Amino acid sequence: MGEFEDQAALWDEWAPSYNEASLGPAKPVAEALAKIAADGPALELGIGAGRVALPLARRGITVTGLDASTEMTRRLVERRGDLPVDVRIADMAAFGVPDRYPLIYVVAGTFYLLTTRERQMSCLRCCAQALSDGGRLVIEAAVPGSSALPLESGVFVRSVGQDHAKVSVVAHDPVTQTLRSQEVRLHGEGLRLRPVTRRYTHLSELDLMASVAGLRLEARYSGWTLDPYAAHQPRHISVYSVARELGSGLGDR
């Protein structure tokens, strides 16, 4: 199987125990994206169960989402009601869409689930093709080497309770810029393993790849309150536009 099929199988298995709350509140994410998107519509890469798409749709933004997992998207369909959210199974590293979007976004480090530079580059090229004139691509991820994404191998205790324990075993490969982790869950039903591989990108590399794909950095923030990014922040929200567009930044809107 290829990476897309591997991701589909992985997240199908994760879906029943997927914990959206661990990613933080979605309301400020949706509020910031609605500000960036203006009237929409929006395209989400890695939409999952709709953590961000559903509150964004409640703000009047039509959302189309791509994901690898049929089980994750099934949960979304069960929850969406009559909200304007559509979803389809597609590889975010190799997608085409019939329409162009004022906003494309990928949050919570999902971009790092593309585990080679080539697949990350392909994703950025697809985004550049799918953006409308004046549209923006928003990428949220942890900053490599920060407290949010330590670049080290080791065993990390996630939680311990009366009837469970969660431990992550992480192997860091600085040559390929990958973190291979195995979440070990011990509980009354036995032992479960949840493997995840991520390829992180440093900010300068991400900007370079975006430039090669035909995008330019327009703004970078440290959080969903859209405060300017400063050194040593653990997370970044980077906003890109198509390089041929010479429009002004968000602050001039």
Fill in the blank from the handout: Filtering trypsin sites (Lys or Arg not before Pro) in segment 83-174 by DSSP loop and by at most 16 other Cβ atoms within 10 Å leaves Arg100
Handout entry: Packing-based exposure ordering (other Cβ within 10 Å, fewest first) of Glu71, Glu78
Key = Glu78, Glu71
Handout entry: Net charge contributed by nearby residues that have their C-beta within less than 10 Å of Asp12 (K/R +1, D/E -1)
Key = -1
Exercise for the section: Please list the non-local residues whose amide H lies under 5 Å from the amide H of Gly65, H modeled 1.01 Å from N, same-chain partners needing a gap of 5 or more. Expected result: Glu44, Asp86, Val87, Arg88
Exercise for the section: Could you please tell me the mean projected area of the C-alpha convex hull for segment 154-197, averaged over all directions and given in square nanometres to one decimal? Expected result: 3.0 nm²
Problem - Gain upon complete extension [Ser132, Leu23; 0.36 nm per residue less C-alpha separation] - result: 36.3 nm
Handout entry: GNM flexibility winner over the chain from Ser146, Ser122, Ser17 (Cα, springs under 10 Å)
Key = Ser17
Completion exercise
By the Cα gyration tensor axes a ≥ b ≥ c (a/c under 1.5 gives rounded; else a/b larger than b/c gives prolate, otherwise oblate), the shape of segment 49-135 is oblate
Problem - Estimated distance in nm for a label pair at His187 and Val175, the labels positioned 7 Å out from Cα along Cα-to-Cβ - result: 3.8 nm
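With the alpha-carbon atoms as the only input, what is the per residue convex hull volume for the chain in Å³?
132 Å³
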Handout entry: MRE, 222 nm, helices only [DSSP H, n ≥ 4, -39500 (n - 2.57), over the chain, to nearest 500]
Key = -7500 deg cm²/dmol
Practice task
Collect residues whose amide H, placed 1.01 Å from N in the peptide plane, falls under 5 Å from the amide H of Phe95; neighbours closer than 5 in sequence don't count.
Solution key: none
Practice task
Identify the chymotrypsin sites (Phe, Trp or Tyr not before Pro) of segment 154-242 meeting these criteria: DSSP loop state and at most 13 other C-beta atoms within 10 Å of the C-beta.
Solution key: none
Problem - Relative contact order computed over segment 96-253 (Cα-Cα under 8 Å; 6+ residues apart), in percent - result: 24 percent
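Coordinate-derived values only; no laboratory data. All of these numbers come straight from a predicted model, not from anything done at the bench. We place every Cβ from the backbone using ideal geometry, glycine too, and count neighbours over all the protein chains shown.
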